[in-house]
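What follows is a short report on a single structure.
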Amino acid sequence: MQHDIWKFVGLMLIAAVFGYTVGHVLLSMLVASIGIILWQVYWLNLLYLWAENPKTHPMPEVSGLLHSLYRSIIRTNAKNSKRKRQLSAYLTQFRKAVSALPDAIILVDDHGKIEWANKNANTVLGIRWPEDSNVRFGDLIRYPEVDQLLEKANSKKKQAGLGVVVNSTSNNEQTISFKCIRYTNTLRMVIARDVSRLVKVNQMQSDFVANVSHELKTPLTVLKGYVEILRDNPDLPLKFAKPLAQMNLQSVRMELIVGDLLYLARLEDSANISPHEPVVITNLVNTIVDAVGPLVEEKRHSLELDIDHSLILSGSPTELHSAFSNLITNAINYTPDNGLIKVRWQGEQRNGKDCAVFSVTDNGYGIATQHLERLTQRFYRVDNDRSREGGGTGLGLAIVKHVLQRHSAELEIESQEEEGSVFSCVFPIGKMVNAQLSSSSIN
Ligand code: ADP
């Protein structure tokens, strides 16, 4: 820089001396300045041509500030090309890794067109890349559920784990699970997996449990019948009274378990759909309260009801009865004597959405946090002895979960050890009969 300034000053001095000798100092200095500017523009132009295309234009031999500029451009270019090579290596590796995944991965732009797909997209969905590049995803994969999934993923709201499972229309035996994630402003990633085997294994497992339960039903009834006859026999020696009472108790328990297993199998069977009709929750709760009355009295509990009579739910009365009575019975059983149980059915707002909530609150034993996630699994019990004492089968909450799934509702559980629990069934407002009327009753 300094070198350039001295050069400029020197040239101006020479121009001034020359101007002085010819009698035009200012004119001579002006001409010299224009000359210097034109000279710099010439070299800048060479620099521009070289920077634009270094392969066809040689690097100009310059000194001073322009030389520093050249060197800086060369250094930046070298750094950029190294970074470019690294990025392209990463990209190749990433694409290889995604291609090796067993799932079909398809990138869809915000117009619904395919941007990229891995090899398995062809195996699972018949989408070929690059042949199907820019083809609309919806034109190749025609499932309304998947269209809705893509729509949802398009919304700006962050939504994790959006997914649907569909039965293939072209192959009856095939079930495909779709997940969609929006990962940039314009791109969505569709992940599809063939889950046919998993579905088949689950079906076989359910069928097996249902068949075993069904086969056990008749021998159990016979056994229980004979035990009852023997117990009623006045000639029965006293020493058999206790074992027979035990046999009776256990056969009743087994009958309850078999009954619950068969009921669960029916709930799991998607082909077995019970018709939905308007259900007056007030009546349903009153029936349950009547049935559990003796138990509530025995444990000297107080039962409080807070029911919105105007909220009528569209659903299956028998299924809802079974779910709600399981929750109320659990609250009674898992609360020490003199407890307080509140049953509530009210409109609410949860996560910004209108909904109707059936909740059962108790001030009983409560549940430690680590158990909450597994409570709805079959036969999962926090305390085996307590469950058996209360006559529990370990299947009650699994039944509740399935019933709620069949009513597009969700089970939420809050609990604290030694404090009590709240089990809430959250129904979308759309499940209410005359949803508009119902939503006006939500405060
Ligand atoms: P069970 O027939 O054993 O009651 P459930 O499936 O209904 O089976 O419940 C599973 C387990 O969850 C129970 O064994 C119990 O440990 C726990 N549980 C359910 N409801 C409550 C509650 N209101 N308070 C405390 N624990 C509960």
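List of remarks:
- Distant-in-sequence amide contacts of Ser168, defined by a placed amide H-H separation under 5 Å and a gap of 5 or more residues or a different chain, comprise Gln174, Thr175, Ile176.
- Relative packing of peptides 322-332, 83-93 - highest average C-beta neighbours within 10 Å first: 322-332, 83-93
- Nearest-ten-degree value, helix 196-232 long axis tilted from longest Cα axis of the chain: 20 degrees
- Under a 5 Å amide H cut-off, with hydrogens placed 1.01 Å from N, Ile127 pairs with Asn122 among residues at least 5 apart or on other chains.
- Close amide-amide hydrogen proximity is noted between Leu395 and Phe379, each under 5 Å apart and 5 or more residues distant or on a separate chain (H modeled in the peptide plane; Pro and chain starts excluded).
- For segment 277-442: accessible area per residue (Å², 1.4 Å): 48 Å²
- Summing Cβ point charges (Lys, Arg +1; Asp, Glu -1) relative to the Cα centre of the chain gives a dipole of roughly 2600 debye.
- Dipole axis of segment 59-162 (+1 Lys, Arg; -1 Asp, Glu on Cβ), positive-most option in Val62, Leu150, Ala89: Val62
- Top positive-direction residue, dipole computed over the chain with Cβ charges, set Leu26, Gln416, Asn167: Leu26
- The alpha-carbon of Lys224 sits under 24 angstrom from the alpha-carbons of these lysines, leaving out residues fewer than 8 places away in its chain: Lys239, Lys242.
- Peptides ranked, highest mean first, by Cβ atoms within 10 Å: ranges 386-396, 138-148: 386-396, 138-148
- Centroid-to-centroid separation of segment 57-73 and segment 357-373 [C-alpha atoms, Å]: 75 Å
- Most positive-pole-ward Cα, Ser177, His371, Ser206, against dipole of the chain from beta carbon charges: Ser177
- For segment 101-194, size of Cβ-based charge dipole, Lys and Arg +1, Asp and Glu -1, in debye: 400 debye
- In order through segment 71-81: 3J(HN,Hα) via Karplus (6.51 cos²θ - 1.76 cosθ + 1.60), integer Hz, x for Gly, Pro: 4, 5, 5, 4, 5, 4, 4, 4, 4, 4, 5
- Summing charges over all other residues whose Cβ lies under 13 Å from the Cβ of Ile36, with Lys and Arg as +1 and Asp and Glu as -1, gives 0.
- Phi to ³J(HN,Hα) by Karplus 6.51 cos²θ - 1.76 cosθ + 1.60 over segment 136-144, Hz, x for Gly, Pro: 5, 4, x, 6, 8, 10, 9, 10, x
- Sequentially through segment 233-244, phi angles give Karplus couplings (6.51, -1.76, 1.60; θ = phi - 60°) of 5, x, 8, 5, x, 4, 5, 8, 4, 5, x, 5 Hz, Gly and Pro residues having no value and appearing as x.
- Among Ser68, Ser251, Ser270: highest mean-square fluctuation, GNM of the chain, C-alpha pairs under 10 Å: Ser68
- Segment 202-320 - charge dipole about Cα centre, Lys and Arg +1 at Cβ, Asp and Glu -1, debye rounded to 20: 660 debye
- Each peptide in 208-221, 362-375 gets a packing score, the mean of other Cβ atoms within 10 Å over its residues, and the list from highest to lowest is 362-375, 208-221.
- Residue-averaged [θ]222 nm for the chain, counting only DSSP H segments that reach four residues, each worth -39500 (n - 2.57): -17500 deg cm²/dmol
- Cross-link check: pairs Lys217/Lys299; Lys179/Lys200; Lys84/Lys119; Lys55/Lys79; Lys55/Lys82 evaluated at a Cα-Cα cut-off of 22 Å; pairs beyond the cut-off: Lys217/Lys299; Lys84/Lys119.
The values are calculated or read from the model by the stated rules, or taken from the named source; none is laboratory data. Here the structure is a predicted model, which is why all the values come from computation and not from measurement. Neighbour counts are summed over all protein chains in view; Cβ atoms, including those assigned to glycine, are modelled from backbone coordinates with ideal geometry. Please note that ligands, DNA and RNA were not included when accessible areas were found on the heavy atoms of the full protein model with its side chains. Shrake-Rupley method; radii C 1.70, N 1.55, O 1.52, S 1.80 Å.
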